[in-house]
1. Hey, what's the Cα Rg ratio for the range 393-437 versus the globular rule of thumb, 2.2 N^0.38 Å?
2. With the contact rule set at Cα under 8 Å and sequence spacing of 6 or more, what percent relative contact order holds for the range 208-274?
3. Which residue fluctuates most in the GNM of the chain (Cα springs below 10 Å): R277, R213, R261?
4. Using modelled amide H (1.01 Å from N, peptide plane; none on Pro or chain starts), what sits under 5 Å from the amide H of E375, excluding residues fewer than 5 places away?
5. Estimate the FRET efficiency between Q211 and M330 by the formula 1/(1 + (r/R0)^6), using the beta-carbon distance for r and 30 Å for R0, to the nearest 0.05.
6. Based on the alpha carbons, how large is the Rg to Rh ratio for the range 112-160 when Rh follows Kirkwood?
7. Could you report the range 83-199's accessible area per residue, 1.4 Å probe, as an integer in Å²?
8. Which order do the peptides 196-207, 227-238 come out in when sorted by mean C-beta neighbours inside 10 angstrom, highest first?
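The values are calculated or read from the model by the stated rules, or taken from the named source; none is laboratory data. Everything numeric here is computed off the predicted structure, so don't read it as measured data. With ideal geometry, Cβ positions are generated from the backbone for all residues, glycine too; neighbour counts draw on all protein chains shown. Heads up: the accessible areas ignore ligands, DNA and RNA and are worked out on the full protein's heavy atoms, side chains in. Shrake-Rupley method; radii C 1.70, N 1.55, O 1.52, S 1.80 Å.
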Amino acid sequence: MLSRSVARRVLGSRVFLSQKCGLSSQAAQREKVIRSREMNENEPRPLYMDFQATTPMDPRVLDAMLPYQVNYYGNPHSRTHAYGWESESAVELARKQVADLIGADPREIIFTSGATESNNISIKGVGRFYKTKKKHVITTQTEHKCVLDSCRALEAEGFHITYLPVKSNGLVDLQQLEESFRPDTSLVSIMTVNNEIGVIQPIKEIGHLCQSRKIFFHTDAAQAAGKIPLDVNDMKIDLMSISGHKIYGPKGVGAVYVRRRPRVRLEPLQSGGGQERGLRSGTVPTPLAVGLGAACEIARQEMKYDEHRVSMLSKRLIDKIMAGLPDVIMNGDPEKRYSGCINLSFAYVEGESLLMALKDVALSSGSACTSASLEPSYVLRAIGTDEDLAHSSIRFGIGRFTTEEEVDYTAEKCILQVKRLREMSPLWEMVQEGIDLKSIKWTQH
């Protein structure tokens, strides 16, 4: 495997988009928009500060995958020859590497295409299997969209779903959770680390609460696995979703942990050859599974180092921005959070305008932009953030390959552009004159 220093140097490779023929007018227009956003040949790539969206593949992971892309290409389910045995051995090693990261038994790991599929399997699978006796599921209003949509799909099938609110710091109220339990509750699904504001839910306490009432507990750990210590047995977790591309592994692969004792029963979402204990039929992609296993192994070995380094860089970024700008609000609990996910609201600045001004830094806005309107993030709305502040939020993502120089540049550029945008804002001018904006009654024409 490559060393960490070599890994960092390899990350600058450029991505080329393939040209397609016979595009429809709509597709051609979309292609034109994409081309307009491409960088000029001499234009430097933006700094990458969006590690919650995806992470670059660690070159050491690619190093582990390559042999199974070229030489060891057998079907891992072929039991009659060496090609199949080689691939099966690699897949089982990867399964153990994933299990070791979360304190599970390798037999409890099911390979999937990613956390979205894992979440669907967990929520729909448990709900449908136990639906004759239990038809109530509990989740929160700040879950990932695939969890919320899975719950809505169950609602359409006649299930009762409780969407718990969260406190202003983004955390679940444990007493409110316990009061939501019903005799027919089959599942509680609450994510470990929020993908927008980075808060860490009290997973161990939730797990023990669920176990005491014999309710299955699922957690979406896509943003947590490999970044913070997790132990499914200590935390009493029955199902856990993991994503490869969030932990410096390949895209298109993930895993779901399904407890064997006491056994969690699932209704499979797809039919086929009965692979993966019959829970996820289809040929396991050996190179991707190997990549996920390698990513989990590296994360397990380097977690303490990465956690310390990311925390240091996070503090550096926050301190610089807070010292250089007034009226900056951190969204989510300041203590119970994963330090690599920083969500800040810059009062009197539109988030999308700030993103455009920071075009040489790859960041994400807390606002969800649609073609028709600009709606503030449902996560920020759920924690009670004012709509104007929700519109002004920016998410900064720090990861394994982020450097101090990138953090300093991002902070300095952010301070500069926020000051510039505020100078153009009439609201900022009114605030400087001592006018209370909330006391103003605005009229529409």
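1. Numbers: Rg = 14.9 Å, N = 45, 2.2 N^0.38 = 9.3 Å.
The reported ratio for this selection is 1.60.
2. In percent, rounded to a whole number, it is 26.
3. The residue with the greatest mean-square fluctuation here is R261.
4. For E375, whose amide H was placed from the backbone, the distant partners under 5 Å are A368, T370.
5. Details: r = 33 Å, r/R0 = 1.11.
Here the calculated transfer efficiency is 0.35.
6. Details: Rg = 10.5 Å, Rh = 11.0 Å.
Rg/Rh for the range 112-160 comes to 0.96.
7. Values: 4390 Å² over 117 residues.
Accessible area per residue, the range 83-199: 38 Å².
8. On the way: 196-207: 22.0, 227-238: 19.4.
Ranked from most to least packed, the peptides come out as 196-207, 227-238.
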